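What follows is a short report on a single structure.
A short reminder: the numbers here are calculations on the coordinates, not readings from a lab. None of the values given here were measured: they were computed from a predicted structure. FYI the Cβ positions are ideal-geometry reconstructions off the backbone, even for glycines, and counts take in every protein chain you see.
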Amino acid sequence: MNNPRLTTNLQAIHHNASTLVTQLQPLSIEVCGVTKATLGNPEVAKQLIDAGTTSLGESRIENVERLRHAGITHPIMLIRSPMPSQVARVVAHADISLNTELGVIEALSLEALSQDRQHGVILMVELGDLREGIMLEDVEAVLRAVRQLPGIYVKGIGTNLACQSGVIPDNTNMSQLSDLVDSLESSLDMELEIISGGNSANLVWAFGVDSHIGRINHLRLGESILLGRETVHRSHIEGLKDNAFTLTAEVIESNTKPANPWGSRGENAFGEEHPRQHREGLVHRVIVALGRQDTDPSGLTAPEGFTIIGSSSDHLVLESLDGEASVGQELSFAVNYAALLAAMTSPFVRC
């Protein structure tokens, strides 16, 4: 088989998505299943749709187009603000986009008129994480302006936390969002359909015994579905599976070597200083044909009996703790979100 390769367990993904959809239903929260870490994989998307997600979430228009070309007709939400240079493609293929800039929405409006289509927008609100978002005091004015644009319909408002600065979703910031919804609906005499509270980082809050869900009725879930964990502390979510993805690579060297390098030392190829091992003597070193051009090595979990020592562009160096590995042998690694995203994106990894 071709190596390195990333194996996907579609049953695990379906199980996780279905479980989360079911658990969030009593809270009246719908799930947007985010497929961006899989580059818009249609087979993954089909599992999310079958599991009950009400929409799919993608950050790249190329992935949206991949889904459409594969025959996916489910509603798709572009979860990164559209590039002005791509508004024609966004209107053509995405049902909804998350937006913060009035100028971009005006461009979407012109394009929607040109294509004789209606395009939905969700206005993203800044609640402290300092990534995308309109400041609270400016939201009403922007919403008033957007409502006047032909070809555009306001689907709702949303926010994003934890991705940039690690700000945790809690009753305080989620109540701010709910209160804003009440204020906007009252001032503008309108009803906002989608109140998108955030991402997988919101699950600890949503399932908390003292949580006040308020007006939040929508979450954009990726890592929790794909890897079975929340993203505040990266803790496993009870009842979910954590084996949806496995990265397999091939041993290209297996030898006994000193535990520590020798000679004058400086930085390695990536400007890092390699730490000295805490022991002396000889160890069994194994090199796997996998490196930083393939994945994020810091996001890998080695198989039992091996410890990851370091990596370069094309080599992953391990220590074998309880036996040798033979050249040509395959070793399989668990991945975190960063390693998964990098492996999916690498042209050298077979997915």
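Starting from the Cα gyration tensor of the range 1-150, take the square roots of the eigenvalues, sort them a ≥ b ≥ c, and report rounded, prolate or oblate (rounded when a/c is under 1.5, otherwise prolate if a/b is larger than b/c, else oblate). It comes out prolate by the Cα gyration axes. The alpha carbon convex hull volume per residue for the chain rounds to 160 Å³. When the Cα positions of 337, 327, 298 are compared along the charge dipole of the range 245-345, 298 comes out farthest toward the positive end, with charges on each C-beta of Lys, Arg, Asp and Glu.
Once a ≥ b ≥ c are taken as the square roots of the eigenvalues of the Cα gyration tensor of the range 250-351, is the result rounded (a/c under 1.5), prolate (a/b larger than b/c) or oblate (a/b not larger than b/c)? Here the range 250-351 falls in the oblate category. Principal axis analysis of the Cα atoms in the range 80-221 yields extents of 49, 30, 21 Å, listed in decreasing size. Between residue 348 and residue 257, the distance separating the two model label sites (each 7 Å from Cα on the Cα→Cβ line) works out to 1.7 nm.
The magnitude of the dipole of the chain, with charges of +1 and -1 set on the Cβ of Lys/Arg and Asp/Glu and taken from the Cα centre, is near 760 debye.
Averaging the sequence gap over all C-alpha pairs within less than 8 Å and six or more residues apart, then dividing by the number of residues, gives the range 259-351 a relative contact order of 29 percent. For the pair residue 280 and residue 170, a Förster radius of 56 Å applied to the C-beta separation gives a FRET efficiency near 0.70, rounded to the nearest 0.05.
Please order 257, 46 by the number of other Cβ within 10 Å, starting at the fewest. So the residues, fewest neighbours to most, are 257, 46. Highest average first, the peptides 18-30, 157-169 ordered by how many other beta carbon atoms sit within 10 Å of their residues are 157-169, 18-30. As a proxy for reagent exposure, ranking 264, 183 by other Cβ atoms within 10 Å from fewest up yields 264, 183.
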